[in-house]
Amino acid sequence: LIELSDRNNPIIVAQAAHDAAIEALTSLGWQRNAAVTPAGARRVGNLLQNSFRISINGVPVRDAGLSVIIGALNGKLMAVSSTSAAMQTNAVIPSIGTETVASNLAQYLGDDKNTPVTSASRPVLIYVYSPRFRGLRLAYEMTVRQSSPPHDWRITVDAATGNLLEKKEMLEFVGGDKPASVTSGTILATVHPGSSFDSLITVGLPSALIMI
């Protein structure tokens, strides 16, 4: 319960929401080394909504988050919801390094390996859900962009085996075939960064493609 005098204090509200999120991690069955990071806060009518991202040992869990809703009038916890069920992890330390992942990029690109790569991000550790293993896999994630034809791949590689877990096209093509070339520019949009409970912010859309 947040006292009446503190309900307009964003620091106290944020701390109360954080405490509720930590408690929810335990009640939902997440392991002891799981933690939450604030992802956004907003007020909708008489509700104070705070969203959090979940990590394990400091490694983010893809698409995993918590939403905490507190009543603005009574200061009481109204609801806590999760975007992902608690799952066990396969590893804490990767068996391969980032250099190995980067050097095997052509293998991960498969049929697209002969298309010139315009940029590739450094592989970063992340936990992802694997239907095959029915749990969270420690993995490397990197973004690879190609321009002719345009692609924006999200490459996910198993950090234990080096095998490709996912190669996902992040560009969405609407209204015809993929274009032969692209032009440069900046596209901005007002979005909820993590979930519908996050505060609206203006960001660039690196994976957007406008057909001209």
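Checking Thr98 against (1) touching a strand residue (DSSP E or B) at 6+ places or on another chain (Cβ under 6 Å); (2) β-branched (Val, Ile, Thr); (3) within 16 Å of Met142 (Cβ to Cβ); (4) in contact (Cβ under 8 Å) with a residue 40 or more places away in the chain, which test does it fail?
Among (1) touching a strand residue (DSSP E or B) at 6+ places or on another chain (Cβ under 6 Å); (2) β-branched (Val, Ile, Thr); (3) within 16 Å of Met142 (Cβ to Cβ); (4) in contact (Cβ under 8 Å) with a residue 40 or more places away in the chain, Thr98 violates only (1).
Just checking, how many residues over segment 69-83 are open to solvent by less than 30 Å² (accessible area, probe 1.4 Å) and within 14 Å of Trp30 (Cα to Cα)?
Counting residues in segment 69-83 that are open to solvent by less than 30 Å² (accessible area, probe 1.4 Å) and within 14 Å of Trp30 (Cα to Cα) gives 0.
Tally time: how many residues in segment 61-76 are more than 18 Å from the chain's Cα centre (by Cα) and of a type in the set (S, T, N, Q)?
Result for segment 61-76: 1.
For segment 51-68, enumerate the residues that are in contact with a strand residue (DSSP E or B) (Cβ under 7 Å, 6 or more places away or on another chain), within 19 Å of Leu200 (Cα to Cα) and open to solvent by 30 Å² or more (accessible area, probe 1.4 Å).
Arg53, the sole residue that qualifies.
Let me spell it out: the conditions are (1) open to solvent by 20 Å² or more (accessible area, probe 1.4 Å); (2) in a loop (DSSP other than H, G, I, E, B); (3) over 22 Å from Phe133 (Cβ atoms), and Ile96 meets all of them except one. Which number is the exception?
It fails just one condition, (3).
Answer yes if at least one residue in segment 24-45 is among the β-branched types (Val, Ile, Thr) and loosely packed, with under 14 Cβ neighbours inside 10 Å, and no otherwise.
Checking segment 24-45: at least one residue is among the β-branched types (Val, Ile, Thr) and loosely packed, with under 14 Cβ neighbours inside 10 Å.
Taking segment 105-143 on its own, how many of its residues are surrounded by fewer than 16 Cβ atoms within 10 Å (Cβ to Cβ) and either at pLDDT below 90 or in a loop (DSSP other than H, G, I, E, B) (or both)?
Number satisfying all stated conditions: 11.
Please list, ordered by first then second residue, the pairs with beta carbon atoms under 6 Å, 6 or more apart or interchain, first in segment 185-200 and modelled with pLDDT of 70 or more, second outside any loop (DSSP other than H, G, I, E, B) and open to solvent by 50 Å² or more (accessible area, probe 1.4 Å).
Close Cβ pairs (under 6 Å, with a partner that is outside any loop (DSSP other than H, G, I, E, B) and open to solvent by 50 Å² or more (accessible area, probe 1.4 Å)) amount to Leu188/Thr202; Thr190/Thr202; Leu200/Thr190.
The values are calculated or read from the model by the stated rules, or taken from the named source; none is laboratory data. Fair warning: this is a prediction, and the values are worked out from it, not measured in the lab. In this analysis, Cβ positions are derived from the backbone assuming ideal geometry, glycine residues included, and neighbour counts consider all displayed protein chains. When the accessible area is computed, the model is the full protein with side chains, heavy atoms only, and any ligands, DNA or RNA have been set aside. Shrake-Rupley method; radii C 1.70, N 1.55, O 1.52, S 1.80 Å.
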